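Heads up: the structure comes next, in structure tokens.
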Amino acid sequence: MERVSDISLVTRVLVFHDKRAFDKLVKKHQSAVRRMFMNLTLGDASLSDDLAQDTFIKAYTRLGSFKSMSSFSTWLHRIAYNVFYDYTRSHRKTDDIDGMTLPQATTGGSASAALQMDIYSALGRLKTDERTCITLQLVDGMSIDDITAITGMPAGTVKSHLSRGKQKLATFLKENGYDR
Amino acid sequence: MTDNRDDILVKKFFEENIKEIEDNGFSRRVMHRLPGRASRTNRIWTLLCAMAGIAVFVIFRGWEYLTACFYDVTADISTTEVQQISPVTLGITLVVLTVLAINSYVLSEE
């Protein structure tokens, strides 16, 4: 039903140039896309918003290429993935791009802020590809096939990244007392 | 067994910490940046120029000049020896023009 809803909104945008329909798509998917970038950038809210905006603008200009072979969400995440990798390639430093550092800690000593920092601390232990696969599966609920479609990585590679990523995360969580 | 426990631990950790992100004007910023503002501007500008052109045409009685040009052209044609153009030549010309037009259309579609 949700997929039909997305397809009907896409159709309205393409056929009737209905920008309000695209606005609905943005509102519906903005949280997932921005959250993905927050996880990939280890909590850089400003950068995440910029990348997310670029993603939706690219999606708007390329909407005609959406063939509904996959869900709109998967298609959108693929664009987001490419936007992120274009950004990392253009901002690549001589040191390892996987060694992204956490942005400055946000103020406030609330429990939720501490938990958010822990998520990014945990994700910061992973390589970029591992972080991507883990985020897509455990945060966005994507299947292996979806992750393969989004990243272009073979299914075996995705599974390897997930396995190693989960091992590292489990180690981190145990070290920090999350082993319940 | 340990792997399963680790998987469960990690999965539970993320399930407890997934948060929806409030829009807070994000979609408005996206809509504001969408392309199409420029093309709308272009359309408006084209419309204004077209209206200006029509206004100039009407003010300076452009149809009188067009009529005069038409009569000049037809007068020139009638004075040439049109009889020398055979139907075959005319037919070949039409076929060539048609092929060129189709080819041009196909190329533009590609």
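The values are calculated or read from the model by the stated rules, or taken from the named source; none is laboratory data. This structure is a prediction, so every number in the text was calculated from the model and none was measured. Note that each Cβ is placed from the backbone with ideal geometry, even for glycine, and that neighbours are counted across all protein chains shown. The accessibility values were calculated without ligands, DNA or RNA, using every heavy atom of the protein model including side chains. Shrake-Rupley method; radii C 1.70, N 1.55, O 1.52, S 1.80 Å.
If the only charges are +1 at each Lys and Arg Cβ and -1 at each Asp and Glu Cβ, what is the size of the charge dipole of region B:26-79 around the Cα centre, to the nearest 20 debye? Don't jump to the answer; show the numbers that get you there.
Working: 7 positive and 3 negative charges, 205 e Å.
Computed charge dipole of region B:26-79: roughly 980 debye.
Tell me, what ³J(HN,Hα) does each residue in region A:20-26 have, in order and in whole Hz, if you take phi through Karplus 6.51 cos²θ - 1.76 cosθ + 1.60 with θ = phi - 60° and put x for Gly and Pro?
So the Karplus estimates, Gly and Pro as x, are 5, 5, 5, 4, 5, 5, 4 Hz.
Ignoring everything but the protein chains, give the 1.4 Å probe accessible area of A:Ser71 in square angstrom, nearest 10.
40
Between B:Phe57 and B:Leu94, what FRET efficiency comes out of the Förster formula 1/(1 + (r/R0)^6) with R0 = 25 Å and r the beta carbon distance, rounded to 0.05?
Once the sixth-power term is evaluated, E becomes 0.20.
Would you mind pulling out the separation of the Cα centroids of region A:140-180 and region A:33-67, in Å?
Cα centroid to Cα centroid, the span is 21 Å.
Only Cα pairs under 8 Å and at least 6 apart count here; give the relative contact order of region A:6-175 as a rounded whole percent.
Working: 144 pairs, mean separation 38.2, N = 170.
Rounded, it is 22 percent for region A:6-175.
Could you tell me which of the pairs A:Lys159/B:Lys19; A:Lys19/A:Lys58; A:Lys168/B:Lys11; A:Lys19/B:Lys19; A:Lys127/A:Lys168; A:Lys24/B:Lys19 are separated by over 18 angstrom between their Cα atoms in the structure shown? Walk me through the intermediate numbers first.
On the way: A:Lys159/B:Lys19 25 Å; A:Lys19/A:Lys58 14 Å; A:Lys168/B:Lys11 13 Å; A:Lys19/B:Lys19 28 Å; A:Lys127/A:Lys168 10 Å; A:Lys24/B:Lys19 20 Å.
Result: A:Lys159/B:Lys19; A:Lys19/B:Lys19; A:Lys24/B:Lys19 exceed 18 Å.
Work out how much length B:Leu48 to B:Asn17 would gain on full extension: take 0.36 nm times their residue separation and subtract the Cα-Cα distance, in nm to one decimal.
Full extension from B:Leu48 to B:Asn17 adds 5.6 nm.
Could you run the Karplus curve 6.51 cos²θ - 1.76 cosθ + 1.60 with θ = phi - 60° over region B:57-66 and give me ³J(HN,Hα) per residue in whole Hz, x for Gly and Pro?
Karplus values, whole Hz, x for Gly and Pro: 4, 6, 4, 9, 6, x, 5, 5, 5, 4.
Hey, what do the phi angles of region B:88-101 turn into as Karplus ³J(HN,Hα) couplings, whole Hz, using 6.51/-1.76/1.60 and θ = phi - 60°, x for Gly and Pro?
5, 4, 5, x, 4, 4, 5, 5, 4, 4, 5, 4, 4, 5
With a Förster radius of 51 Å, plug the Cβ-Cβ distance of A:Leu14 and A:Glu175 into 1/(1 + (r/R0)^6) and report the FRET value to the nearest 0.05.
The computed FRET efficiency comes out at 0.50.
May I ask you to derive the FRET efficiency for A:Met69 and B:Ile102 from their Cβ-Cβ distance with R0 = 51 Å, giving the value to the nearest 0.05? Write down the numbers at each step before the final one.
Numbers: r = 34 Å, r/R0 = 0.66.
So, using R0 = 51 Å, E works out to roughly 0.95.
So how far apart, in nm, are the two label points at A:Thr61 and B:Thr74 if each is 7 Å from Cα heading toward Cβ?
If labels sit at A:Thr61 and B:Thr74, their model points lie 5.2 nm apart.
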